[in-house]
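Worksheet: the structure to be examined is printed underneath.
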Amino acid sequence: MARGVLSFPLTAFHEDGSLDPDGFRAHVAGRLAAGCGAVFPACGTGEFFSLDEDEYRRVVGITVEEAAGRVPVVAGTGYGWAQAARFARIAAEAGADALLVLPHYLVEAPQDGLAAQLEQLAARTPLPLITYQRGQVAYTAASLRRIARLPNVIGLKDGHSDLDRLQRLTLAAPDGFLFFNGAATAEIQARAYAAVGVPAYSSAVHAFAPEIADAFFTALRDGDHGGVDKLLRAFYVPFVELRDRAPGYAVSLVKAAARLRGQRVGPVRAPLTEPSPGDLAALRTLLAAGLDLVGAAL
């Protein structure tokens, strides 16, 4: 999966908020055609938190059909371990290759509880698990060693960007354990993560501008620091500044940008909201500048 951008597709909805399977299929097919190391349906960018079980089944199933074994399909799951196990069962039936375990709902928990949560889920699914630490989930090295002993826990995605903690985790992990940079707009911190041994990262930008995402990935992989800096200055840093204007923009801006590219992904579901007219205009200008930089068209 470190050989290409990790793509997190958007879940397509009709204007009335109902699932749009055809729109989603076209969106996923476009992400796959653009090239990626793996595809992660029904995760944070895919609004997992707003899907019911039937919708989830369709989203994962469509992704598996479109991927057709070319790249791994890693479906999201979450909430408490009992509900996560229900989604895990659906994902396995739909043909997913692995699961990304999103942070549990609402409560904070001690380290023993964080590890036990994953143990309960691991005992109820045959699928490989990648745990996502962000929000109220943050593992110590001791907890990492505990969960890494589970045969189907294969990796960790980090969204805290605490590189001191992350370095301790990488050193505590067994050989072959996978780590991913899951920071919001991960490209901003990709060089720092790579320096502590975590080169793989998720890219929300791949959902709407794979040309930009791939140009950044190639520059980073090839050690083209000038190219990395150019993309950061011209596109990624301004995008993050725009993203930070309102809660939920990490998803709703991405979806709005996809619509600007002509993708049939529809609106976000509540509690997320659409970008304001002013922010949408700023997004259009920024997207055009980024695409001009890599020689692509809006």
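Bear in mind that the values in this text are calculations on the coordinates, not laboratory data. Here the structure is a predicted model, which means the values were calculated and not measured. Please note: Cβ atoms are built from the backbone with ideal geometry, for glycine as well, and neighbour counts cover all protein chains shown.
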Item to check | Distance between region 99-170 and region 238-297 - C-alpha centres, whole angstrom | outcome: 31
Checklist entry - What percent of all Cα-Cα pairs in the chain falls in each 10 Å bin, counting up from 0? => result 6, 29, 37, 23, 5, 0
Item to check | Residue list for region 79-96, given a label point 7 angstrom along the Cα-to-Cβ vector of L106 and an amide N cut-off under 17 Å | outcome: 79-84
Checklist entry - Across all directions of projection, what mean area in square nanometres is found for the Cα convex hull of region 171-298? => result 8.9
Item to check | FRET efficiency for A297 and A116, using Cβ-Cβ distance with R0 set to 30 Å, rounded to 0.05 | outcome: 0.05
Next on the checklist: Suppose every Lys and Arg Cβ carries +1 and every Asp and Glu Cβ carries -1, with no other charges. What dipole size does the chain come out with about its Cα centre, to the nearest 20 debye?
Outcome noted: 420
Checklist entry - So, in Å, what gap is there between the alpha-carbon centers of region 194-225 and region 25-85? => result 21
Checklist outcome for this item: With the dipole of the chain defined by +1 on each Lys or Arg Cβ and -1 on each Asp or Glu Cβ, the option from L171, Y193, G44 whose Cα lies farthest towards the positive pole is L171
Checklist outcome for this item: GNM on the chain, Cα springs under 10 Å; top mean-square fluctuation among R31, R89, R233 goes to R233
Checklist entry - Most mobile of E187, E55, E93 per a Gaussian network model of the chain (Cα springs, under 10 Å)? => result E93
